[in-house]
Structure formats: C-alpha cells, structure tokens
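The values are calculated or read from the model by the stated rules, or taken from the named source; none is laboratory data. These numbers were taken from a predicted model, which means no experiment stands behind them. Here the Cβ positions follow ideal geometry from the backbone for every residue, glycine too, while neighbour counts run over all protein chains shown.
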Amino acid sequence: MTQYLAIYDQATPEQQPKLVRTWLKNEPVPFMKQLRRERPIFPTANGTYLALYEDCIEALRQPAVMSVRLYKPKMGDFMLANDLTIANWRDKGIMQAMLNPNDIPRVRAMIGRQCDAALDAAEGRIEAVNRYARKVPIRMVDEYFGFPGPHDPGKPPNDDKMIEWSYANQLDAFRNYPFNDLDNPEQIFRNSRVALAEMRDWLTIYLPRKGASLQQNPGQDDVVARMLKTRFDPALGFDGAALALNVGGLLIGAVETTQQVVVQVIDQLLKRPVQFAAARRHALADEDAAFDPYVWEALRFAPISPFMFRYVEQDYTFAKGTARAHTVPAGTTVLPLTWSAMSDERYFPRPDEFNINRTGVDTFHLGYGHHDCLGRMVATVMVPEMVKRVLRRDSLSAEGAIDFQGTPYPQSWWLRFSAGG
Ligand code: HEM
C-alpha cells in the first residue's frame, strides 16, 4: 500500500498541498483510510483535514466557532453565507414553509413524468448529463418552484440559460477556493458575477410579471406564487430584494448538485451488477421504499465532494480528552472530510461493502447541522426518482466513463438503452 503520509512528510512545503489534492482526486479511498488510521486530524497548508466521523460532526455543528465566512464574498446576504443571523434564520424559516413537505408526493410524480419525457425523446441513446440530469431539475425549478428561464410571454423558457447561470454560480461558490486550486479562479469569479447580474435582470422582469398574473389567476400554486401571495410584515425586512435572492438560490442549489449525484449514482450501480439487478427489480415494481436506499448507499462510494469547508473563528481544540486532540488556531480553514466520515469504520462497519441496511447513522450527502440543505425533502425524492426512471429502461449501458472535461462536475456521459419505461 502506498505510504501517503511518509511521502507527504518527505515532500517540500511547495509540493505538499498539491500531493494532497492529487490523492484526494485520484486515490481518495486508500488515502483517506490511511488518514483515519494514522493522522485523523491532518494540518496542511490547504487547511486542516478532519477524517473521522465525530470530528466532522464537531466542526459542522458549531456555526459560532466554525463559520461559513468563506462563502461570503460569493454569496453575500444569502442564507448559506451567514451563520446565526437574520439572513439565515428568517430566510431559511420562510423558505422551509414555502417548500411545503405535503408537496413531496406530487413533486416525485412530476419528476417521474419529466424523466420519462426526456428518456422517451432520446430513443435509446442519451447524453445523460445535459439532456437528463441537468434538464429534469431545471424543469422542476420551472414547474414546482415557479421559476422558469427567460422567455417572452407565451414562448418556451430558455432552459439552457438557467443551466448556464446555475453552473457559473455553483462552480464559483462551492469549488473556487485555494484548496481546490482550479485553473483561472478570477475568470470563474467574473463569470459568476455576469451570471448573477443576468439572473437578477430576468427576475426584475419576471417577478412583477408573475405578480400581475397572480392578480388574474390567484389559484396558481408553486413556490414563487406562494412567496408573492404571502404578505410579510415590513418589520421582518423580507423585502423584494430578499425575495429575489431566495428565488435565485432555489435554482443555484438544485441543479449541479442533483446532476452530479444522479450521474455518479447510476455509474456506481452499473459497476455493481448484483446490486444493480436488485435495485432494478424494485424500480420496475415501483417499490420506492425498497429502491431508494440503493441510491443513497451508492452515493457513499462517490459523493459530490470529499470534503466541506469552514473558517475557524476562534482557537479551538478538536477531540478534547482523546489522544488525537488537536488545536486549530483562529483563521484556519477546516476541511471536514465528509466522504471519509461516511467510511469511518466505527459508524459504517465494513465501509467497503455495499450495505443498504445502514441505520442509526447520519450521512453528509445533504449537509449537516446549521446549514443542512434547504432542499433536503425535494432532493430526497428527486434524486432516487431520476435514478429509478433510468434503471427501468431495458439493456442499460454506459458508453465509457463520465467525462468531467477537467472540471469538478460531470459534463458529458452517453447512456444507451433499448426500451422499457
Ligand atoms: C441532490 C441534490 C442536493 C445536494 C447533494 C445538496 C447538497 C447540499 C449541501 C452539502 C449543503 C450544505 C453546504 C454547507 O453546509 O456548506 C446544502 C445546503 C443548501 N442547499 Fe442543497 N443540495 C441538493 C439539493 C438542493 C435543492 C433542490 C435546493 C433548493 C431548494 C437546495 C438548496 C440549498 C440551500 C439554500 C442550502 C443552504 C442552507 C443553509 O444555509 O442553511 N439544495 N445542500
């Protein structure tokens, strides 16, 4: 087995951060296993990595000490860039109420319909990233959230523009940090500003238009309609700008996350014929309760990122009273290796085994703690339904590996199938 830490210790300070990034990209599983055993709290020039489940929880459940300050230059007043403030508490509370959990069965049925429409149109061969995994959430953002892409009245909305806006912002806000070392970070930041400005321009046209149409037809029911129909006391400060900011967040939160999860889960299942066959049986029988655990367990083997990140606001000692206790000074970046946490042998026994019966333990797929995903309930049905509709097709196969085109996100992946549905 490669002795990663010995190699790391002998490398120069310039080489070290690059080595860690490369191993996390190319050999994450054995590297993280070694970290869990030998250096579970791993200080580097990129930040301090936390490899154990308990330490990841410790970081993510303390927003006053481990903050989301790093998101601030990218997201400003949006809830995810603010801890324990009105921008988080008020906005998240309002948006949770708008995303009524009673909608969820209807949302799942709607997603299923959109999935089959995309697959039927493809006639047996589909570029699954753009024509399926990005397309279906964009349709959901239009139909359920009530936020269509730019269009003239009576004309179809521009879904590709929505994909562009969401992508530019996801890439900058979640991946464009020194510890990821993307090429051309300034350009990525500029692209996100252009996308945000275009999206805001469209919302300044669309929201009043939608408000006027609600006067004509107050029976419309989608998330944006609910937001516009609700009267907020001015003392709350949830004004037009706050409303538009949160409508934009619905798009940006929903698309790249979902597409990456759906594509990587299908890939993981295709690589495991036994589990694939079992999952497919449940898919064909429409047994969602039995099917969905295959999806979330598959994601444990290929989550969207190996880590999350937080900024240390004050000196803090992790794992106090244990042999691994370690103090991180204020100003450090901590990188909870949530992928490693979901393979921590104490909480996920035999982590290399595919086991749909892991209970009593949290995963980190949809965040954890104060910034737990706002879209959790939607994602919890959207993702499995999108995977299920693909697995129901006959003779499913992939044409080669997922193509990331040098980016952190899947960009192209061709799937073939014969019929079914
Ligand atoms: C499979 C799909 C999704 C995945 C994998 C995902 C993942 C995540 C993760 C990991 C976080 C935490 C980020 C952090 O703490 O640094 C998060 C937060 C968030 N997600 Fe999602 N998400 C998904 C779908 C959605 C959808 C559909 C929406 C739209 C409603 C959404 C909106 C948000 C928002 C607004 C936050 C920030 C919440 C806060 O600051 O309290 N996400 N999501």
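For region 381-421, give me each residue that is of a type in the set (Ser, Thr, Tyr) and surrounded by fewer than 18 Cβ atoms within 10 Å (Cβ to Cβ). Lay out the reasoning, then the answer.
Going through region 381-421, the residues of a type in the set (Ser, Thr, Tyr) turn out to be 395, 397, 407, 409, 412, 418.
Of everything in region 381-421, those that are of a type in the set (Ser, Thr, Tyr) and surrounded by fewer than 18 Cβ atoms within 10 Å (Cβ to Cβ) turn out to be Ser395, Ser397, Thr407, Ser412, Ser418.
Can you work out which of the residues in region 166-194 that are exposed (fewer than 15 other Cβ atoms within 10 Å of the Cβ) and not hydrophobic (A, V, I, L, M, F, W, C) is modelled with the lowest pLDDT?
Applying the first criterion (exposed (fewer than 15 other Cβ atoms within 10 Å of the Cβ)) to region 166-194 yields 178, 181, 183-184, 186-187, 190, 193-194.
From what is left, the residues that are not hydrophobic (A, V, I, L, M, F, W, C) are 178, 181, 183-184, 186-187, 190, 193.
Values: Pro178: 94, Asp181: 90, Asp183: 94, Asn184: 96, Glu186: 97, Gln187: 98, Arg190: 98, Arg193: 98.
The extreme case among them is Asp181.
Checking the conditions here, which among Gly76, Gly124 is touching a Ser or Thr at 6+ places or on another chain (Cβ under 9 Å) and on the phi > 0 side of the Ramachandran plot?
Working: Gly76 fails: touching a Ser or Thr at 6+ places or on another chain (Cβ under 9 Å).
From the options Gly76, Gly124, the qualifying one is Gly124.
Kindly establish whether Phe318 is of a type outside the set (A, V, I, L, M), under 24 Å from Asn46 (Cβ atoms) and more than 15 Å from the ligand (Cβ to nearest atom). Give the derivation first.
Details: of a type outside the set (A, V, I, L, M): yes; under 24 Å from Asn46 (Cβ atoms): yes; more than 15 Å from the ligand (Cβ to nearest atom): yes.
Yes.
Check Gly240, Gly248 and return the single one that is away from the ligand (no atom under 14 Å from the Cβ), within 30 Å of the chain's Cα centre (by Cα) and touching a residue at least 24 places away in the same chain (Cβ under 8 Å). Working first, answer last.
Working: Gly248 fails: away from the ligand (no atom under 14 Å from the Cβ).
From the options Gly240, Gly248, the qualifying one is Gly240.
Counting just the residues of region 160-179 that are away from the ligand (no atom under 16 Å from the Cβ) and assigned to a helix (DSSP H, G or I), which one comes out nearest to the chain's Cα centre (by Cα)? Before you say what the answer is, go through the steps one by one.
Taking region 160-179 and keeping what is away from the ligand (no atom under 16 Å from the Cβ), we get 160-161, 164, 168, 178.
Those left that are additionally assigned to a helix (DSSP H, G or I): 160-161, 164, 168.
Working: Asp160: 19, Lys161: 20, Glu164: 16, Ala168: 14 Å.
If we take residues in region 160-179 being away from the ligand (no atom under 16 Å from the Cβ) and assigned to a helix (DSSP H, G or I), then Ala168 is nearest to the chain's Cα centre (by Cα).
Restricting to region 320-359, count the residues that are surrounded by fewer than 20 Cβ atoms within 10 Å (Cβ to Cβ) and touching a helix residue (DSSP H, G or I) at 6+ places or on another chain (Cβ under 6 Å).
So the answer is 3.
Would you check if there is a residue in region 354-366 being free of Cβ contacts under 8 Å to residues at least 60 places away in the same chain and within 11 Å of the ligand (Cβ to nearest atom)?
yes
Report yes if Arg300 is within 16 Å of the ligand (Cβ to nearest atom), among the basic types (Lys, Arg), within 24 Å of the chain's Cα centre (by Cα) and closer than 30 Å to Arg392 by Cβ, otherwise no. Step through it out loud before you land on a result.
Numbers: within 16 Å of the ligand (Cβ to nearest atom): yes; among the basic types (Lys, Arg): yes; within 24 Å of the chain's Cα centre (by Cα): yes; closer than 30 Å to Arg392 by Cβ: yes.
Yes, satisfied.
Which residue pairs have Cβ atoms under 7 Å apart, sit 6 or more places apart or on different chains, and have a first residue in region 391-410 that is farther than 23 Å from Tyr294 by Cβ and a second that is of a type outside the set (A, V, I, L, M, F, W, C) and part of a loop (DSSP other than H, G, I, E, B)?
Asp403/Gln411; Phe404/Pro410; Phe404/Gln411; Gln405/Gln411
Mind checking which residues of region 329-345 are farther than 9 Å from Met32 by Cβ, assigned to a loop (DSSP other than H, G, I, E, B) and among the aliphatic types (A, V, I, L, M)?
Scanning region 329-345 gives Ala330, Met342.
Which residues, counting only those in region 72-125, are within 17 Å of Glu385 (Cβ to Cβ) and among the acidic types (Asp, Glu)? Steps first, please.
First pass over region 72-125, keeping only residues within 17 Å of Glu385 (Cβ to Cβ): 99, 101, 103-120.
Scanning region 72-125 gives Asp103, Asp116, Asp120.
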